[in-house]
1. Of the residues that sit in the stretch 16-41 and are in contact with a Lys or Arg (Cβ under 8 Å, 6 or more places away or on another chain) and open to solvent by less than 40 Å² (accessible area, probe 1.4 Å), which one is nearest to Arg52 (Cα to Cα)?
2. In the stretch 42-52, how many are touching a residue at least 12 places away in the same chain (Cβ under 8 Å), under 15 Å from Arg11 (Cα atoms) and open to solvent by 50 Å² or more (accessible area, probe 1.4 Å)?
Amino acid sequence: MKQGIHPENYRLVAFKDMSNDDVFITKSTVETKETITHEGVEYPVFKMEISRTSHPFYTGKSKLIDTAGRIDKFKTKYAKHSK
């Protein structure tokens with residue numbers, strides 16, 4: 001393994017799935033300014049739209065997640081091409 005190319009600022013970070021409010025803690029170098037208290041301990045938090053607890057591949061359930069009207073934007077944008 002090459003020396004001096006890997007980050008050294010690993011710390012515990014909370015990753016929060018915004019679709020189902022699941023939180024898991026792992027070491028990461030991700031930059032974030034927000035914090036969250038999880039099980040009485042304060043961690044920096046990184047918010048995600050989808051994770052292993054909400055992704056259809058892992059859950060076996062199909063789920064439509066429309067973030068900020070993306071589906072409506074897509075339909076509007078390409079409606080003129082379908083005619």
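1. Val23
2. Qualifying residue count, the stretch 42-52: 1.
Residues checked against (1) polar (S, T, N, Q); (2) at pLDDT 70 or above:
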| residue | (1), (2) |
| --- | --- |
| Val13 | no, yes |
| Lys27 | no, yes |
| Lys33 | no, yes |
| Gly40 | no, yes |
| Pro56 | no, no |
| Thr59 | yes, no |
| Lys63 | no, no |
| Thr76 | yes, yes |
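The values are calculated or read from the model by the stated rules, or taken from the named source; none is laboratory data. Computed from a prediction, not measured in an experiment: that's the story for all the values here. Heads up, the Cβs are rebuilt from the backbone with ideal geometry, glycines too, and the neighbour counts pull from every protein chain shown. For the accessible areas, the whole protein counts, side chains as well, though only heavy atoms, and no ligand, DNA or RNA atoms are used. Shrake-Rupley method; radii C 1.70, N 1.55, O 1.52, S 1.80 Å.
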